[in-house]
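Read through the structure below, which is laid out as structure tokens, and then see the notes.
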Amino acid sequence: MEIHPDAVRLVDLADHLRQLFAPLAVKNGVDFRVHVEKSSPSVLYTDGHRVQQILKNLLGNAFKFTREGSVTLTVSAESGGDSSVPDVPRAEGEAVRFEVKDTGIGISDEKLSLIFEAFRQADGSTGRRFGGTGLGLSISLELARLLGGTITVESEPDRGSAFALTLPDLRSHPALSGHAEAAASAESDATPDAEAQAVFDSGCPILAAGTDTAAETGDEIETAPFAGKSILLVDDDIRNVFALSSFLENYDMRVTFAENGREALDVLRRNPDFDLVLMDIMMPEMDGYETMRRIREQPEFDDLPIIALTAKAMREDRSRCMENGASDYMAKPIDTNRLLSLLKVWLYK
């Protein structure tokens, strides 16, 4: 999974997130505040898309578990500091801190520790085990690592949570801006890329054997047909999310993920402008069949392409997928060449 550093205007980022979540705050009757402190730099050199992914995950969880009170995003300057999550490397020097604080149900110390530990062990079942918080936090943690940053957590059951994302300016830390760090950091036992690779090495169940999930370069990849297309990936297995999102992003597609059907419906309510949905079938809370039915009940999504992903290849499973609203169907493990062919068909239909 590559990162692409650019100059991110912090005021613009904050305004975008304010506009994105304001309707949800009004709907839920929750006060939403965004503060950019004067101490903050005007620009942070980092991967703006990845930062947005992390903050959307953190804000999404905050609203998900806050029924009354407030959710606050605060942006400030920070130097140094340690992570409250053990064994997470921290870049030295100037940094920017994004704190998402809520007055929601909170998370116990034991549950938080288990979530992060599950990711270190490349356990793809965090969404199943932790009721809808694990996958988003695990993905956010790894994205923060890839950007040379950290996520710290303070939470108290029934009182609320505070998640702080701290990121360095990559102009000051050029070794953090890509896969070079993993190769150059021989003295470190836990580089971000090494841990990301462990997810794949643990046996990714979604891609066919021999599929290259590493970033491709040069003429090996034709990105033009897919560049800029927005994909919603619905899956509760972290290994699937990393494998598929990395593969799709190599083709310049923009990937948003949801870890179950209920969350997918929330994402579509906030942003109905996706070009295509990749829908896993076996998920907790709301499976793929029900999710597709609920999507098709909404007239604005009549023409939204949905490709169902299932572990079974029986004819009756294909029929059931199509009867419940799928546009097409793929059995796991996925043949990526066939996936690309299907994407061409449905993205340009």
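Of the residues contained in region 273-296, none is found to be hydroxyl-bearing (Ser, Thr, Tyr), open to solvent by 20 Å² or more (accessible area, probe 1.4 Å) and touching a residue at least 12 places away in the same chain (Cβ under 8 Å). In a residue-by-residue description of region 126-145, the property of being in contact with a strand residue (DSSP E or B) (Cβ under 7 Å, 6 or more places away or on another chain), under 24 Å from Val36 (Cβ atoms), assigned to a loop (DSSP other than H, G, I, E, B) and modelled with pLDDT of 85 or more applies to no position. Among the residues of region 95-104, is any crowded, with 19+ Cβ neighbours inside 10 Å and modelled with pLDDT under 75? No, region 95-104 contains no residue that is crowded, with 19+ Cβ neighbours inside 10 Å and modelled with pLDDT under 75. Here Arg50, Arg18, Arg67 are screened, and the one residue that is open to solvent by less than 20 Å² (accessible area, probe 1.4 Å), of a type in the set (Lys, Arg) and either assigned to a helix (DSSP H, G or I) or farther than 30 Å from Leu248 by Cβ (or both) is Arg50.
Each residue in region 157-185 was checked for being open to solvent by 80 Å² or more (accessible area, probe 1.4 Å) and either at pLDDT 80 or above or touching a strand residue (DSSP E or B) at 6+ places or on another chain (Cβ under 6 Å) (or both), and 3 of them qualify. Residues in region 23-42 that are open to solvent by less than 40 Å² (accessible area, probe 1.4 Å), at pLDDT 90 or above and outside any loop (DSSP other than H, G, I, E, B): Ala25, Phe32, Val34. Of everything in region 318-331 that is of a type in the set (D, E, K, R) and in contact with a strand residue (DSSP E or B) (Cβ under 6 Å, 6 or more places away or on another chain), the residue that is surrounded by the fewest Cβ atoms within 10 Å (Cβ to Cβ) is Asp328.
Applying the set (1) within 24 Å of Ile54 (Cβ to Cβ); (2) open to solvent by less than 60 Å² (accessible area, probe 1.4 Å) to Asp252 leaves exactly one unmet item: (2).
Consider Arg50 carefully, then state whether it is within 24 Å of Ser108 (Cβ to Cβ) and touching a residue at least 24 places away in the same chain (Cβ under 8 Å). Taking the combined requirement at face value, the residue does not satisfy it. Working only within region 1-22, note down all residues that are of a type in the set (A, V, I, L, M, F, W, C) and modelled with pLDDT under 90. Scanning region 1-22 gives Met1, Ile3, Leu20, Phe21.
The values are calculated or read from the model by the stated rules, or taken from the named source; none is laboratory data. Quick caveat: nothing in here was measured; it's all calculated off a predicted structure. Using ideal geometry, Cβ is built from the backbone for each residue, glycine included, and neighbour counts are taken over all protein chains shown. Areas reflect the complete protein model, heavy atoms only, side chains present, ligands, DNA and RNA absent. Shrake-Rupley method; radii C 1.70, N 1.55, O 1.52, S 1.80 Å.
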